[in-house]
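I am attaching a structure below and will ask some questions about it afterwards.
The values are calculated or read from the model by the stated rules, or taken from the named source; none is laboratory data. Since the structure is predicted, the reported quantities are computational estimates derived from the model, not experimental observations. Reconstructed Cβ throughout: ideal geometry from the backbone, glycine too, with neighbour counts over all protein chains shown. We work out accessible area using only protein heavy atoms, side chains counted, and drop any ligands, DNA or RNA first. Shrake-Rupley method; radii C 1.70, N 1.55, O 1.52, S 1.80 Å.
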Amino acid sequence: MRALVTGLFLAVGLTVAAPARADGWAALRELRARLESRPHVADFLQEYLPAGFSSGDSETGRLTLALPECLRWDYDEPFAKSYLLCRETVWTWNAGESSGRTFQVDPEEDRGLDLLRLGVERLAEQYTAELVDGKGAATAIRLEPKGPAAEIATATLTLAAGAGSLAELTYRDVEGNTTRFEFSGQRPVGEDAVELRPPDDLTWIED
């Protein structure tokens, strides 16, 4: 499922940085509570930079969150494609086609945007969280795996200055590829009326 799901992202030692780490988890809890407060949608710009390259690919679309149950992301033309993740089931389909694919994911996996569906307690089992400087006056939370990383080497969630909403998500996989999502235009999901269930007029092929 593009860099999103094939690299999908989305995490303690007793040192002087311990208070900052604790603040990192506090900030993440606040963000999680805000994301779960009501379903909402945001526009995104996704940039994918392969390891060893100075430039990569970019795409735009919309991310819909109805946490803790569902996430949906829809890519714009020219390669319009949608992904819906509810609990442990993923559905993916291309615009204009008569069939799509569906498969199960490990409920404990945290690949890419999957990070957003995992609770803070689950993330704390696998990652350290530290507050770092973001762009301008923004706050950022950097997640790093406690042990050898299976997929993600590091991830950073940047909060919009003053608002505390999720403004950016960047993660680097163990192969050195970097994916960045920049979010804007957050709004209640009702304004876009995006379905958080798979289309019922498609034939679903199980992987």
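Looking only at region 176-207, filter to residues that are part of a strand (DSSP E or B) and more than 16 Å from LEU45 (Cβ to Cβ); which one of those is modelled with the lowest pLDDT?
PRO188
Just to be sure I understand the filter: pairs with C-beta atoms under 9 Å, separated by 6 or more residues or on different chains, first member in region 50-67 and within 24 Å of PRO188 (Cβ to Cβ) and assigned to a strand (DSSP E or B), second member basic (Lys, Arg) and open to solvent by 80 Å² or more (accessible area, probe 1.4 Å). Which pairs pass?
The qualifying pairs are ALA66/ARG38.
Moving to a separate point now. Condition test on GLU144, is it of a type in the set (Asp, Glu), open to solvent by 40 Å² or more (accessible area, probe 1.4 Å) and either touching a helix residue (DSSP H, G or I) at 6+ places or on another chain (Cβ under 6 Å) or modelled with pLDDT under 90 (or both)?
Taking the combined requirement at face value, the residue does not satisfy it.
In region 154-172, what residues are part of a strand (DSSP E or B) and either at pLDDT below 90 or within 18 Å of LEU45 (Cα to Cα) (or both)?
The answer is ALA155, THR156, LEU157, THR158, LEU159, LEU166, ALA167, GLU168, LEU169, THR170, TYR171, ARG172.
Here's another thing I want to ask about it. Might you check whether a residue that is within 15 Å of the chain's Cα centre (by Cα) and within 14 Å of PHE181 (Cα to Cα) occurs anywhere in region 81-92?
No, that holds for no residue.
From the set of residues in region 193-203 that are among the hydrophobic types (A, V, I, L, M, F, W, C) and open to solvent by less than 70 Å² (accessible area, probe 1.4 Å), which is nearest to GLY96 (Cα to Cα)?
LEU202
What is the residue count in region 101-131 for residues that are modelled with pLDDT of 70 or more, of a type outside the set (A, V, I, L, M, F, W, C) and part of a helix (DSSP H, G or I)?
The number of residues fulfilling the criteria is 5.
Please work out which residue is nearest to TRP73 (Cα to Cα), limiting yourself to region 93-107 and to residues that are among the polar types (S, T, N, Q) and open to solvent by 70 Å² or more (accessible area, probe 1.4 Å).
Looking at residues that are among the polar types (S, T, N, Q) and open to solvent by 70 Å² or more (accessible area, probe 1.4 Å), I get GLN104.
May I ask you to say which residue of ALA150, ALA129, ALA155, ALA138 is touching a strand residue (DSSP E or B) at 6+ places or on another chain (Cβ under 9 Å) and surrounded by fewer than 18 Cβ atoms within 10 Å (Cβ to Cβ)?
On inspection, the qualifying residue turns out to be ALA138.
Output the number of the condition that TYR48 fails; it satisfies all remaining conditions of (1) open to solvent by 60 Å² or more (accessible area, probe 1.4 Å); (2) at pLDDT below 90.
Result: TYR48 fails condition (2) only.
Could you please give the count of residues in region 30-54 that are among the small types (Gly, Ala, Ser) and farther than 18 Å from THR158 by Cβ?
4
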